[in-house]
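**Q** Sharing a structure, written as structure tokens. Questions coming.
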Amino acid sequence: MQWCGRTLFFLVTAREIVQVQDHPSLFITFLAWCLIEVIRYPFYALNTIGACPPWLTYLRYTMFIPLYPIGVLGEMLLLYQAFPYMKEKNIFANFFAILPFSYYNVVQVIFVMYPFAWIKLYSHMLKQRGSKLGKRQEKKKK
């Protein structure tokens with residue numbers, strides 16, 4: 001779900017609609033994405049060789065708490081700002097020509113579903129945080 005959201009956001013919205021490329025919501029989103037990835041990939045890499053320091057595990061399972069909502073808010077703001085331009089530009093008109101709806105309609109449906117999908121992913125991450133950091137606390141006690 002996260003990959004689909006980012007693809008929709010970046011490859012279609014931010015790349016295809018020039019009018020929204022200078023909106024602060026784009027910067028906010030990219031900043032949140034970059035900060036979380038700077039933590040996530042070293043965490044994965046160091047875990048594969050068994051050398052991940054506890055502080056990096058803590059950051060991996062804590063920094064998403066503020067960064068994930070900031071990134072999603074930025075994505076949703078940019079999509080909302082892009083709606084008039086999507087409709088006007090009629091993106092992917094050839095692909096959707098045989099269908100009774102347009103790409104603009106698909107994005108509107110996705111926009112409405114976005115918060116619900118986000119809550120599911122965010123809840124999953126919170127559960128993971130509890131299980132991963134809880135294990136760390138148990139090891140310290142022993």
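**Q** For segment 42-85, which residues satisfy the criterion of being assigned to a helix (DSSP H, G or I), polar (S, T, N, Q) and open to solvent by less than 80 Å² (accessible area, probe 1.4 Å)?
**A** ASN47, THR57, GLN81, listed by residue number.
**Q** Let me ask something additional. Restricting the search to segment 30-86, which residues are among the hydroxyl-bearing types (Ser, Thr, Tyr) and either touching an Asp or Glu at 6+ places or on another chain (Cβ under 6 Å) or in contact (Cβ under 8 Å) with a residue 40 or more places away in the chain (or both)?
**A** Answer for segment 30-86, where residues must be among the hydroxyl-bearing types (Ser, Thr, Tyr) and either touching an Asp or Glu at 6+ places or on another chain (Cβ under 6 Å) or in contact (Cβ under 8 Å) with a residue 40 or more places away in the chain (or both): THR57, TYR58, TYR61, THR62, TYR68, TYR85.
**Q** Which number in (1) open to solvent by 80 Å² or more (accessible area, probe 1.4 Å); (2) not in a helix (DSSP H, G or I) marks the one condition that GLU88 misses?
**A** Against the list (1) open to solvent by 80 Å² or more (accessible area, probe 1.4 Å); (2) not in a helix (DSSP H, G or I), GLU88 comes up short only on (2).
**Q** State all residues of segment 31-41 that are more than 12 Å from GLY71 (Cα to Cα) and open to solvent by 50 Å² or more (accessible area, probe 1.4 Å); if no residue qualifies, say none.
**A** VAL38, TYR41
**Q** All but one of (1) free of Cβ contacts under 8 Å to residues at least 40 places away in the same chain; (2) part of a helix (DSSP H, G or I); (3) open to solvent by less than 80 Å² (accessible area, probe 1.4 Å) hold for PHE95; which doesn't?
**A** Only one criterion is unmet by PHE95, namely (3).
**Q** Looking at segment 13-26, which of the residues that are in contact (Cβ under 8 Å) with a residue 12 or more places away in the chain and part of a helix (DSSP H, G or I) is nearest to GLN108 (Cα to Cα)?
**A** This residue is THR13.
**Q** What number of residues within segment 98-117 satisfy the criterion of being without any contact (Cβ under 8 Å) to a residue 60 or more places away in the chain, hydrophobic (A, V, I, L, M, F, W, C) and either open to solvent by 50 Å² or more (accessible area, probe 1.4 Å) or under 17 Å from ARG15 (Cα atoms) (or both)?
**A** 7
The values are calculated or read from the model by the stated rules, or taken from the named source; none is laboratory data. Fair warning: this is a prediction, and the values are worked out from it, not measured in the lab. When we count neighbours, we look across all protein chains shown, and the Cβ atoms used for this are built from the backbone with ideal geometry, even at glycine. Ligands, DNA and RNA are stripped out before the accessible areas are found, and what is left, the full protein with its side chains, is counted by its heavy atoms. Shrake-Rupley method; radii C 1.70, N 1.55, O 1.52, S 1.80 Å.
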